[in-house]
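*Asks:* So that we are looking at the same thing, I have put the structure below in structure tokens.
Only the coordinates and a few stated rules stand behind these numbers; no lab work does. None of the values given here were measured: they were computed from a predicted structure. Cβ coordinates were reconstructed from backbone atoms using ideal geometry, including for glycine residues, and neighbour counts include every protein chain displayed.
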Amino acid sequence: MKQTTFLSDSDNNLNVCARALSNGELVAFPTETVYGLGAIANCDSAVAAIFEAKKRPSFNPLIVHVSSISDAKKIVQFNERAEELAASFWPGALTMVLPRLNDCGISLLVSAGLDSIAIRVPTHPLAQKLLAKTAHPIAAPSANRSGEISPTTAAHVVRSFSQISMQHNIIILDGGACEVGLESSVVDLTGEQSVLLRPGGVTSESIEAVIGELKFAASENCAPKSPGMLSRHYAPKTPLRLNAHSINEGELLLGFGPTQQKVTFNLSESGNLVQAAANLFAMLHDLDLKTPSGIAVMPIPLEGLGLAINDRLKRAISPKTEN
Ligand code: AMP
Ligand code: MG
């Protein structure tokens, strides 16, 4: 039976948290906005554990937390607006969506298949200490189960994750109540027009004072930017065929679970859905690079993270309306 462990913010406990993160485990930690459910961002299986714990029905991209602007520049491609916003609001409650660098080392699952990464430098001293001790970027959505409101105290996190069956232990680092108590504002800077994807801790007026007019993702003249609908959303160029039990000529097979079939890759030989989620985007990329005439995917059960995996695969086969 997996469990939540509650830790006070002593230096020793911070070391425990940093070690747990480095080992691929989950740590809920305070930021100035809300509590985040963190995992090191360069480890597919650790990131998959976040989705499992939150019971998310689909893979939304996660915010990557780093300690400094220079660390952010190792992960995403800055532009002029990003420089100005970082200088004005970092560390702080502003998340910027920017193109991911090819060699950034961040799990593809963090981007949920997009070619961008949402990134932020938190100002909370415990978040900063944890980043320094862990020495890895930390991916963290809000530390609540999917569909619940964001936690602003450690007690909220405990309430959300205790008494549910989990496949992973969660350490909860208590840093008191969050100062801002609102999620970070998320600004997409990947296009020529800056788009406010989510209003949050930094007001749109103060963002506009720095980089000029923002479009609002929710407004009519702006296409919906939910991650699954983004034009840059990764879908393999190769046609996908789901629930395949064998391959047709020219196809490569993406397996799941124990099988006699000749698979090119297996998402999880043991049939573990968390492992399958961790492998999904990287294996789709690698299969695409082999330019087969089709990718056949074996059935993946519609339970646990299998829901999100199937959701993602279905999006990849549905006709694209944007490009
Ligand atoms: P949360 O998981 O509660 O921290 O929320 C993170 C927010 O950032 C969600 O609204 C995500 O959809 C958004 N987000 C994260 N990464 C990206 C990205 N690469 N592109 C667009 N939106 C993103
Ligand atoms: Mg959230």
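*Asks:* For all pairs of alpha-carbon atoms in segment 132-175, what percent lies in each bin of width 10 Å, listed from the first bin to the last filled one?
*Replies:* In whole percents, the pair-distance histogram is 23, 53, 23, 1.
*Asks:* Under 10 Å, Cα contacts only: if you run a Gaussian network model on the chain, which one of 63, 247, 138 comes out with the highest mean-square fluctuation?
*Replies:* 247
*Asks:* I've got another one for you. At R0 = 25 Å, how high is the FRET efficiency between residue 235 and residue 102 if r is their beta carbon distance? Nearest 0.05 is fine. List each step's numbers first, then the result.
*Replies:* Values: r = 19 Å, r/R0 = 0.74.
With a Förster radius of 25 Å, E is 0.85.
*Asks:* Once amide H atoms are placed 1.01 Å from N in the peptide plane, what residues at a sequence separation of 5 or more from residue 76, or on another chain, have their amide H within under 5 Å of its amide H?
*Replies:* Result for residue 76 returns 101.
*Asks:* Moving on to the next point. Enumerate the amide H contacts of residue 26 below 5 Å, restricted to partners 5 or more residues apart or on another chain; note that Pro and chain-start residues carry no placed amide H.
*Replies:* Long-range HN contacts for residue 26: 171.
*Asks:* With a 10 Å Cβ neighbour count serving as the proxy for reagent exposure, in which order, fewest first, do 17, 178 appear?
*Replies:* Details: 17 26, 178 23.
With the fewest neighbours first, 17, 178 line up as 178, 17.
*Asks:* Out of residues 5 or more away from residue 198 or on other chains, whose amide H comes under 5 Å of its own, with H placed 1.01 Å from N in the peptide plane?
*Replies:* Correct list: 186.
*Asks:* Something else: Applying 1/(1 + (r/R0)^6) with R0 = 45 Å to the Cβ-Cβ distance of residue 6 and residue 270, what FRET efficiency is obtained, to the nearest 0.05? Show your work: numbers first, answer last.
*Replies:* Working: r = 32 Å, r/R0 = 0.71.
Computed FRET efficiency for residue 6 and residue 270 comes out at 0.90.
*Asks:* Using the 10 angstrom Cβ neighbour count as an exposure proxy, how do 215, 290 rank, fewest first?
*Replies:* Working: 215 17, 290 10.
With the fewest neighbours first, 215, 290 line up as 290, 215.
*Asks:* Let me ask another. Between segment 275-303 and segment 1-33, what's the alpha-carbon centroid distance in Å?
*Replies:* Using only Cα atoms to place each centre, the spacing works out to 32 Å.
*Asks:* If we sort 159-168, 193-202 on the protection proxy, mean other Cβ atoms within 10 Å, highest first, what's the order?
*Replies:* Numbers: 159-168: 15.5, 193-202: 18.9.
Top to bottom by mean Cβ count within 10 Å: 193-202, 159-168.
*Asks:* Would you compute the Debye intensity of segment 107-158 from its alpha-carbon atoms alone, equal scatterers and no solvent, and pass along log10 I(q)/I(0) at q = 0.27, 0.28 Å⁻¹ to two decimals?
*Replies:* Normalising to I(0) and taking log10 leaves -1.14, -1.13.
*Asks:* Counting only DSSP beta bridges with both residues in the chain, tell me the antiparallel percent, nearest 5. Spell out each step's value before the answer.
*Replies:* Values: 16 of 40 bridges.
So the antiparallel bridges in the chain amount to around 40 percent.
*Asks:* Over segment 161-209, what portion of Cα pair distances is larger than 12 Å, expressed as a whole percent? Each step should come with its number before you reach the end.
*Replies:* Values: 868 of 1176 pairs.
Beyond 12 Å sits 74 percent of the P(r) for segment 161-209.
*Asks:* Between segment 49-76 and segment 157-221, what is the C-alpha centre distance in whole Å?
*Replies:* Rounded to whole Å, the Cα centres lie 12 Å apart.
*Asks:* For the chain, list log₁₀ I(q)/I(0) at each q in 0.12, 0.13, 0.15 Å⁻¹, using the Debye formula over Cα point scatterers of equal strength and ignoring solvent, two decimals each.
*Replies:* For the chain at q = 0.12, 0.13, 0.15 Å⁻¹, log10 I(q)/I(0) is -0.82, -0.95, -1.22.
*Asks:* Consider just the alpha-carbon atoms of segment 1-132 and return their Rg together with their Dmax, both in angstrom.
*Replies:* Rg and Dmax of segment 1-132, Cα atoms, are 14.7, 49 Å.
*Asks:* Run the dipole for the chain about the Cα centre, Lys and Arg Cβ at +1, Asp and Glu Cβ at -1, nothing else charged, and hand back the magnitude in debye, nearest 20.
*Replies:* On the way: 26 positive and 30 negative charges, 150 e Å.
Using Cβ point charges on Lys, Arg, Asp and Glu, the chain gives about 720 debye.
*Asks:* Can you sort 2, 54, 237, 73 by how many other beta carbons sit within 10 Å, fewest first?
*Replies:* On the way: 2 13, 54 22, 237 8, 73 17.
Placing the least packed residue first, the sequence is 237, 2, 73, 54.
*Asks:* For the chain, set up a Gaussian network in which alpha carbons nearer than 10 Å are linked by springs, and say which option among 241, 100, 312 fluctuates the most.
*Replies:* Checking each option, the largest mean-square fluctuation is seen for 241.
*Asks:* Go ahead and estimate [θ] at 222 nm for the chain from helices alone: -39,500 (n - 2.57) per DSSP H run with n ≥ 4, summed, over the residue count, rounded to 500. All intermediate terms of the calculation are to be shown ahead of the outcome.
*Replies:* On the way: 9 runs with 92 residues, N = 323.
Result for the chain, helices only: -8500 deg cm²/dmol.
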